[in-house]
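Some notes on the structure that comes next.
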Amino acid sequence: MKTLRIVHRNYSDFEHALEEEARLFEESHPDVRVELISIGIHELYDAALKDGGLREGRYDLALLVTDWLAEGVATGALEDLHPWQQTSPIVDWPNGWAASLVRPLVIDGKLSSLPWHDGPECLVYRKDLFADEGLRTEHRARLGRDLAPPKTWAEFEETGRFLSNPANGRYGTVFAAFPDGHNTLYDFALQVWSRGGELLDETRRPQLNSSIVEQALDFYRRIVRDSSLCHPQSPQLDSTQSGDVFLAGEVAMMVNWFGFAARSEREGSPLAGKVAIAPIPVDPGNTPVSLSVFWAMAMGAGSKQKELAWEFLQFLAKPEIDLARTRHGTVGVRLSTWRDAGLRAQIPAYGNIEEISLGARQLPVGPSMAAFASIIDRVVTRALSTPDPTMRILEEAQQEIDRGEIRFV
């Protein structure tokens, strides 16, 4: 009996989907047992990469967020999948996937992993509220425009305030502001990009002390700290918890992952049929932007069972397996899944995911990402918890970047 060891994040949707996929794979491979090791996100980074689990062969496969892939390649932890694809190809790769899911996986000419669960980030909103005739009439009278998904950040703030009703347990928006090295960075990047700014200068050094970054952080800290508009638990919520708050009916709209719109259609959901998605707001004159951060399955360079691990990756990439994954709340990654008529009928938001993905940008790539994310965490935490001027926070973070000589390739 062979045992294939896979380490992944302890998120219920991931667990349920992987358990079914492991069982199906075992049925077609009677001499194989798939062992799933489910751990917290920080423990996952440590186990798979920092402590050498993939490099030394303690795990054959790992489900990794794309932020970590460059480090995995640079440290020799990840197997290059290009030679495996050339020898025993996955059908339709790469043309059967959106370009936004292929580009981030190719690092230094190596195929680091394969997509398994996608975002992308978008505006997720309560379409039942936006269609309510009473609210529409009042919104038009008060703000002089129709109640519609906001296209600019000014409209986002105005409409969010209008729809917020804390006395009845509903807030205009929510942000995942818990400093876990992920969503604080993602929201920070989106706030900057959507205003026409960049995170890096021409030398690929992070540049935080600019007027656009100051405007972005000013807006973010003002919204999150305003409990009459933003869910007051936001500083304690990670991305999944903020999504749960929305799915409980406590929020009118949010910038978050597409998967929460998909989850709203589950049987028994109080928001079934009431949720839609739209592009993320921008400052006037800018093109809508999204973020390409997702979960990918990587093979450990130290695995002693690489042939079997590649078979499992091929199995995960099958169209029928990718489509079935959506039953568990995870988001399929094949274009065939996104375009499936039956899935779109069940979860209408899938009709927009391909369009949203076209504007998806990638975070800076390189082994410095963990250090940069940590700095952004501290920037956001300080912005939300102190009265310190925004530019002072950014200037001191820039000094830390310069001292650490943080650069991206």
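When 27, 56 are checked against the criterion of being touching a strand residue (DSSP E or B) at 6+ places or on another chain (Cβ under 9 Å) and outside any strand (DSSP E or B), 56 stands alone in meeting it.
The number of residues in the stretch 183-205 being over 20 Å from residue 406 (Cβ atoms) and modelled with pLDDT under 95 comes to 1.
Just one of the listed residues (93, 116) is at pLDDT 95 or above and either assigned to a loop (DSSP other than H, G, I, E, B) or open to solvent by 20 Å² or more (accessible area, probe 1.4 Å) (or both), namely 93. So, in the stretch 375-401, of the ones that are over 24 Å from the mean Cα position of the chain (by Cα), free of Cβ contacts under 8 Å to residues at least 12 places away in the same chain and in a helix (DSSP H, G or I), which residue ends up farthest from residue 70 (Cα to Cα)? Looking at the filtered set, the residue picked out is 392. In summary, residue 92 fulfils each of the numbered conditions (1) touching an Asp or Glu at 6+ places or on another chain (Cβ under 6 Å); (2) among the charged types (D, E, K, R); (3) on the phi > 0 side of the Ramachandran plot with the single exception of condition (1). Annotation for the stretch 124-136: no member residue is assigned to a helix (DSSP H, G or I) and under 21 Å from residue 216 (Cβ atoms). Is it true that residue 140 is among the basic types (Lys, Arg) and touching a residue at least 12 places away in the same chain (Cβ under 8 Å)? Against the criterion (among the basic types (Lys, Arg) and touching a residue at least 12 places away in the same chain (Cβ under 8 Å)), residue 140 does not qualify. Against the condition modelled with pLDDT of 95 or more and touching a strand residue (DSSP E or B) at 6+ places or on another chain (Cβ under 8 Å), how does residue 310 come out, does it pass? It is true that residue 310 is modelled with pLDDT of 95 or more and touching a strand residue (DSSP E or B) at 6+ places or on another chain (Cβ under 8 Å). What helices (runs of 4 or more DSSP H) lie completely within the stretch 254-362 and have 3 or more residues being aromatic (Phe, Trp, Tyr) and closer than 30 Å to residue 76 by Cβ? Ranges flagged: 306-316. Comparison of 64, 111 shows that the only residue that is more than 30 Å from residue 250 (Cα to Cα) and touching a strand residue (DSSP E or B) at 6+ places or on another chain (Cβ under 6 Å) is 64.
Let's see how each residue does on (1) open to solvent by less than 30 Å² (accessible area, probe 1.4 Å); (2) free of Cβ contacts under 8 Å to residues at least 12 places away in the same chain; (3) out of contact with any strand residue (DSSP E or B) (no Cβ under 6 Å at 6 or more places or on another chain); (4) not hydrophobic (A, V, I, L, M, F, W, C):
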{"site": "321", "(1), (2), (3), (4)": "yes, no, yes, no"}
{"site": "336", "(1), (2), (3), (4)": "no, no, yes, yes"}
{"site": "358", "(1), (2), (3), (4)": "no, no, yes, no"}
{"site": "373", "(1), (2), (3), (4)": "yes, no, yes, no"}
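Of the residues making up the stretch 30-51, just one is open to solvent by 80 Å² or more (accessible area, probe 1.4 Å) and either touching a Ser or Thr at 6+ places or on another chain (Cβ under 7 Å) or assigned to a strand (DSSP E or B) (or both), namely 33. Candidates are the residues of the stretch 375-403 that are surrounded by fewer than 13 Cβ atoms within 10 Å (Cβ to Cβ) and not charged (D, E, K, R); the one that is nearest to residue 186 (Cα to Cα) is 385.
In the set (1) over 29 Å from residue 281 (Cβ atoms); (2) buried (at least 17 other Cβ atoms within 10 Å of the Cβ), residue 67 fails one condition alone, (1). Filter the stretch 287-304 down to the residues that are over 18 Å from residue 186 (Cβ atoms) and open to solvent by 40 Å² or more (accessible area, probe 1.4 Å) and list them by number. Residues satisfying the conditions are 287, 304.
The values are calculated or read from the model by the stated rules, or taken from the named source; none is laboratory data. The structure displayed is predicted, hence computed values, not measured ones. Note that we place each Cβ from the backbone using ideal geometry, even for glycine, and neighbour counts take in every protein chain shown. Ligands, DNA and RNA are stripped out before the accessible areas are found, and what is left, the full protein with its side chains, is counted by its heavy atoms. Shrake-Rupley method; radii C 1.70, N 1.55, O 1.52, S 1.80 Å.
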